[in-house]
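The values are calculated or read from the model by the stated rules, or taken from the named source; none is laboratory data. The structure presented is a predicted model; accordingly, all values stated were derived computationally and were not measured. Cβ sites come from the backbone with ideal geometry, for glycine too, and all protein chains shown count toward neighbours. Keep in mind that these areas ignore ligands, DNA and RNA; they rest on the heavy atoms of the full protein, side chains included. Shrake-Rupley method; radii C 1.70, N 1.55, O 1.52, S 1.80 Å.
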Amino acid sequence: MQQGTLMRKVKSKSWKKQRYFKLQDDCMTIWYQSKRTGKIESAFSISDVETVREGHQSEVLQSLAEEFPPERCFTIVFYGRRGNLDLIAGSAEEAQCWVQGLRQLIEPRSFPLTSALVSRTWIRDWFQKADKNKDGRMNFKEVQRLLKMMNVDMNEDHALRLFQAADKSESGTLEGEEFVLFYKALTQREEVLSLFQDFSEDGKKLTLLELVDFLRQEQLEDEGTEELAMELIDKYEPSETARARHVLSADGFLMYLCSPEGSIFNPRHRALWQDMSQPLCHYFISSSHNTYLIEDQIRGQSSIEGYIRALKRGCRCLEVDCWDGPNGEPMVYHGHTFTSKIPFREVVSTLGKTSWGNSSSLPPPMGVSPPSSHPRRELVVLPPAVRGPRGQQVPWRRWAPQGADSPSTTLQELKHKILLKGKKIGRLEDMLDGPGDEAPDVSDDDNGAEAEEERRRVKVGGLGWGPSALQKDKESLAQVLSDCVVYCKNVSFRGFQEARSHSRPSEISSLAEAKARKLIRDAGNEFVRHNTWQLTRIYPSGMRTDSSNYSPHEMWNVGCQIVALNFQTAGMEMDLCDGLFSQNGRCGYVLKPFFMRDEETLFNPSDPGSREGPGPITLTIQVISGQQLPKVANSKDGAIIDPLVRVEIHGVPADQAHQETKYIENNGFNPRWDETLQFQLHVPELALIRFVVEDYDKTSRNDFVGQFTLAFANIKPGYRHIHLLSKDGTGIPPSSLFVHIRITE
């Protein structure tokens with residue numbers, strides 16, 4: 001066995017230990033051992049790895065940027081709350097070898113059954129977990145243990161029959177291909193085989209014409225169906241002979257149904273598919289609140305990891321709160337609290353490196369909400385990262401096209417730009433045409449009476465601070481910082497009539513969630529109209545010190561573009577956010593429905609009849625089966641889940657609904673429900689569909705197992721698989737649901 005690759009494992013600027021890292025022969029496990037003692041310290045499975053980041057894309061590696069070049073550095077990011085693994089290779093070539101190798105192993109897993117290699121690797125991983133004595137063989141007792149681990153409560157006689165049928169050598173144990181045979185028998189999909197045989201004349205294959213019939217009748221593919229059928233055979237049929245004859249076997253049919261083309265999510269909508277030439281206010285924008293925090297709002301940790309995670313998740317509006325630090329250097333943290341602090345320079349550096357990735361096609365503009373309390377002159381260090389893509393030294397004001405104060409300024413014109421939201425001296429016209437004589441306007445709606453009172457309740461009542469700590473330092477606003485604010489000038493919201501009379505499209509108002517809800521109740525249509533020409537930002541209540549979230553869909557229902565959430569807190573609210581922005585290339589911008597872009601619209605979310613367009617539609621969902629559902633976290637050894645599926649509709653009030661299936665006792669491996677749920681949607685353009693799997697418990701609250709959320713517009717009808725996500729939004733392959741979707745008017 002080779003010794004492995006010698007790399008530095010880094011935990012802090014001062015903690016750098018050399019370790020040998022090696023990918024095991026199974027291509028599934030990585031271990032690392034101490035250079036000094038030779039002792040294996042730890043091991044992890046490839047299935048635990050979410051992604052690999054190149055360069056200085058972690059807080060620790062950024063602190064070592066002057067010591068080690070980015071070409072030698074990379075970060076392994078794990079699923080869940082496990083800490084990242086920061087590594088420094090001996091050379092750029094070694095780093096690339098590990099980065100590319102790991103990516104090749106982890107990238108196909110989103111749809112594991114589309115790759116024989118990945119499927120076999122996944123099977124081998126289970127084999128190793130159950131092979132307690134590590135002899136490369138598995139007796140029947142170990143097989144029974146494996147079934148428990150895989151969430152299967154199978155009759156012992158049936159399990160023994162499957163075992164004996166796979167034991168071709170009659171040795172009383174399974175090894176190698178024998179275990180693969182056992183696994184195939186275990187995972188036989190009767191519901192898929194039955195569907196296959198409904199369209200196959202001989203029950204063994206689908207001819208090209210039979211596959212075309214299936215695609216047209218069931219999958220509702222009505223364009224280029226024959227070409228699509230040929231593509232699916234070439235891509236998913238494992239037999240070369242069958243491919244040559246243009247037929248699809250049962251295995252190929254299953255692979256297609258488990259593939260991106262067989263997913264409930266329209267694969268065409270994964271890429272950039274919407275019109276990106278509309279005004280900025282015509283889009284929903286993925287937005288975070290206090291992006292630097294990765295824990296609670298009072299004592300939590302501030303970290304650039306918060307920015308990295310948000311940007312990788314598609315967030316396009318970030319928050320940067322700057323305050324005085326040592327020696328006058330600005331620091332980023334939650335003011336008047338005990339959160340930790342990070343230097344402003346590190347935040348700017350991170351934004352410059354992470355904002356656009358490697359894409360040069362259409363990374364849309366990114367909004368940054370900079371200092372709201374201490375607009376210091378030192379903050380003009382922003383320019384190399386903020387002025388232009390890849391450090392382009394161009395003053396922000398020169399980017400403003402003629403008529404920048406008009407709603408005609410489009411997303412396309414602003415691509416590769418960073419927009420600053422903040423206070424401003426004077427008006428935009430003064431900056432474009434020359435200095436004006438108007439007195440400085442440094443109003444900050446985030447610090448209005450309602451927000452200030454909210455802060456007072458939290459900080460005085462909750463922490464026992466005196467009123468003097470709440471006094472604001474009214475420093476003068478630096479002109480050079482003011483000039484950076486073009487499209488997102490903060491203005492206080494004083495009512496829709498006042499906004500129509502005096503506000504401009506280049507301005508933005510921020511509202512606390514409670515204020516927004518009151519406006520939705522009292523003036524829903526006016527709110528929608530307001531958001532057709534001006535940006536509105538919604539932020540969480542100051543009472544949410546635990547970093548909990550409000551439900552964003554009610555804000556989207558009136559067209560609010562910047563609905564800021566605490567990205568660090570998993571739950572239904574972030575599921576909805578991820579579900580909406582998982583489309584359109586995950587660019588963080590989603591075009592609002594046509595009736596929310598018309599300044600004369602009559603739409604009011606409380607009155608679905610006010611929507612222009614066709615009448616209600618009926619969404620029918622047959623929940624057929626589940627596959628390899630995960631166990632509940634921290635469950636007892638041998639515990640097996642009793643899964644049920646709940647389907648939730650999040651949209652306008654008239655469409656809010658949920659229904660659920662019965663629970664299946666003791667079967668998380670291949671439960672069958674065969675239940676039909678039906679919903680009527682009055683405003684499908686605003687509907688989000690959330691599929692939730694739970695472990696039923698008759699004496700306490702059900703436990704979360706997995707979920708998947710998507711916008712109604714992205715649903716593909718027909719027989720589809722839903723690839724489940726964990727509570728924090730990461731994949732849990734190969735867990736999935738199999739459903740049949742119908743949409744009728």
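Any residue in segment 494-501 that is at pLDDT 50 or above, outside any helix (DSSP H, G or I), closer than 23 Å to R537 by Cβ and touching a strand residue (DSSP E or B) at 6+ places or on another chain (Cβ under 7 Å)? The answer is no; no qualifying residue exists. L629 meets the conditions (1) buried (at least 22 other Cβ atoms within 10 Å of the Cβ); (2) touching a helix residue (DSSP H, G or I) at 6+ places or on another chain (Cβ under 7 Å); (3) assigned by the TED database to the domain that holds G718; (4) not acidic (D, E) in every case but one. The failed one is (2). On inspection, Q561 fails the criterion of being within 22 Å of the chain's Cα centre (by Cα) and either more than 19 Å from S510 (Cβ to Cβ) or open to solvent by 10 Å² or more (accessible area, probe 1.4 Å) (or both). Only residues that are open to solvent by less than 20 Å² (accessible area, probe 1.4 Å) and not hydrophobic (A, V, I, L, M, F, W, C) were counted in segment 660-679, giving 3.
Every residue, every condition in (1) among the small types (G, A, S); (2) closer than 23 Å to I722 by Cα, yes or no:
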residue	(1), (2)
L209	no, no
E218	no, yes
E237	no, yes
T241	no, no
C258	no, yes
S277	yes, no
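Restricting attention to segment 66-80, and to residues there that are touching a residue at least 12 places away in the same chain (Cβ under 8 Å), open to solvent by 20 Å² or more (accessible area, probe 1.4 Å) and part of a loop (DSSP other than H, G, I, E, B), which single residue is nearest to R103 (Cα to Cα)? It comes out as Y79. Is it fair to say V563 is farther than 30 Å from G718 by Cβ, in contact with a helix residue (DSSP H, G or I) (Cβ under 8 Å, 6 or more places away or on another chain), assigned to a strand (DSSP E or B) and modelled with pLDDT of 95 or more? Against the criterion (farther than 30 Å from G718 by Cβ, in contact with a helix residue (DSSP H, G or I) (Cβ under 8 Å, 6 or more places away or on another chain), assigned to a strand (DSSP E or B) and modelled with pLDDT of 95 or more), V563 qualifies.
Within segment 680-704, being assigned to a strand (DSSP E or B) and open to solvent by 10 Å² or more (accessible area, probe 1.4 Å) holds for Q680, R690, E694, D695, D703, F704. Quick check on my filter: what residues within segment 274-299 are under 22 Å from S510 (Cβ atoms), part of a loop (DSSP other than H, G, I, E, B) and of a type outside the set (A, V, I, L, M)? Correct list: H289, N290, T291, Y292, D296, Q297.
Residues that are within 22 Å of P717 (Cβ to Cβ) and touching a Leu at 6+ places or on another chain (Cβ under 7 Å) within segment 234-259 comprise L248, F253, L254, M255, Y256, C258, listed in sequence order.
Here is the figure for segment 568-579: residues that are touching a Pro at 6+ places or on another chain (Cβ under 8 Å) and either touching a residue at least 60 places away in the same chain (Cβ under 8 Å) or not charged (D, E, K, R) (or both) total 2.
For segment 158-170, state whether one or more residues are touching a residue at least 24 places away in the same chain (Cβ under 8 Å) and surrounded by fewer than 17 Cβ atoms within 10 Å (Cβ to Cβ). Within segment 158-170 (the criterion being touching a residue at least 24 places away in the same chain (Cβ under 8 Å) and surrounded by fewer than 17 Cβ atoms within 10 Å (Cβ to Cβ)), the answer is no, since none of the residues qualifies.
Residues in segment 491-510 that are open to solvent by less than 10 Å² (accessible area, probe 1.4 Å) and among the aliphatic types (A, V, I, L, M) were compared, and the one that is farthest from M555 (Cα to Cα) is A499.
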